[in-house]
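Trainee: Have a look at this one.
The values are calculated or read from the model by the stated rules, or taken from the named source; none is laboratory data. Computed from a predicted structure; not experimentally measured. We place every Cβ from the backbone using ideal geometry, glycine too, and count neighbours over all the protein chains shown. Note: accessible area is taken over every heavy atom of the protein model, side chains too, but ligands, DNA and RNA are not part of it. Shrake-Rupley method; radii C 1.70, N 1.55, O 1.52, S 1.80 Å.
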Amino acid sequence: KAGVTQTPRYLIKTRGQQVTLSCSPISGHRSVSWYQQTPGQGLQFLFEYFSETQRNKGNFPGRFSGRQFSNSRSEMNVSTLELGDSALYLCASSRWAQGPQETQYFGPGTRLLVL
Amino acid sequence: SQQGEEDPQALSIQEGENATMNCSYKTSINNLQWYRQNSGRGLVHLILIRSNEREKHSGRLRVTLDTSKKSSSLLITASRAADTASYFCATGVSGNTPLVFGKGTRLSVIA
């Protein structure tokens with residue numbers, strides 16, 4: 001089976017712009033979670049989608065949003081980028097309905113640099 | 001907020017030695033998981049141990065869980081240079097709540 005894929009792998013944006021990141025989960029996985037990883041804050045949970053519905057949301061401002069499509073692929077969007085949004089954004093999928101508690105299979109991440 | 005905290009933050013050992021990393025957490029858990037991350041890449045799942053289990057093995061990895069002390073340890077035996085990575089513990093609490101990751105232990109294995 002193919003693993004979790006994320007596109008693009010690298011991205012450079014300027015403050016105020018918006019960005020969309022994409023994630024394709026492992027075939028058959030219905031839960032997709034997004035995480036932000038920075039050196040200072042570590043790995044922080046953004047949100048989780050299951051069957052096209054947002055089931056969990058972390059403590060991030062409304063500039064961070066996401067969605068999931070009927071084929072389980074997911075996108076996250078960050079509007080009005082700030083310098084502090086520079087991070088590695090990781091997507092993870094899991095098989096079961098319990099989703100975020102079970103084993104997470106991570107993609108390689110998208111490294112976003114905001115200038 | 002971080003639920004799990006790994007200790008030490010960084011560890012440097014010689015190839016062939018054993019590496020032990022610890023994780024402490026604050027609330028009751030359903031399961032505890034360990035992940036590995038090579039520099040700047042995605043995390044790889046290593047082991048999941050449930051709250052009713054005390055020890056699990058996978059190859060050169062041994063994980064213990066002490067729910068009374070709210071702590072877990074990851075032991076890597078006969079370490080190799082390829083084990084150089086950051087290791088994270090993550091706790092699963094209940095229901096549909098997401099995993100909470102610690103900040104990780106950076107392991108360097110010197111050949």
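Trainee: For segment A:1-32, how many residues meet the condition of being closer than 17 Å to B:GLN37 by Cα and not basic (Lys, Arg)?
Mentor: 4
Trainee: Right, something else. May I ask you to list the residues in segment A:32-56 that are more than 9 Å from every other protein chain (Cβ to nearest Cβ) and open to solvent by less than 50 Å² (accessible area, probe 1.4 Å)?
Mentor: A:VAL32, A:TRP34, A:GLN36, A:THR38, A:GLY40, A:LEU46, A:TYR49
Trainee: Examine segment B:98-110 for a residue that is over 14 Å from the mean Cα position of the chain (by Cα), away from every other protein chain (no Cβ under 14 Å) and not β-branched (Val, Ile, Thr), and state whether such a residue exists.
Mentor: For segment B:98-110, residues over 14 Å from the mean Cα position of the chain (by Cα), away from every other protein chain (no Cβ under 14 Å) and not β-branched (Val, Ile, Thr): present.
Residues are listed down the side, and each one gets a yes or a no for (1) open to solvent by 40 Å² or more (accessible area, probe 1.4 Å); (2) within 10 Å of the chain's Cα centre (by Cα); (3) in contact (Cβ under 8 Å) with a residue 24 or more places away in the chain:
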site	(1), (2), (3)
B:ASN18	yes, no, yes
B:MET21	no, yes, yes
B:ILE47	no, yes, yes
B:ASN52	yes, no, no
B:HIS57	yes, no, no
B:THR67	yes, no, yes
B:ALA78	yes, no, yes
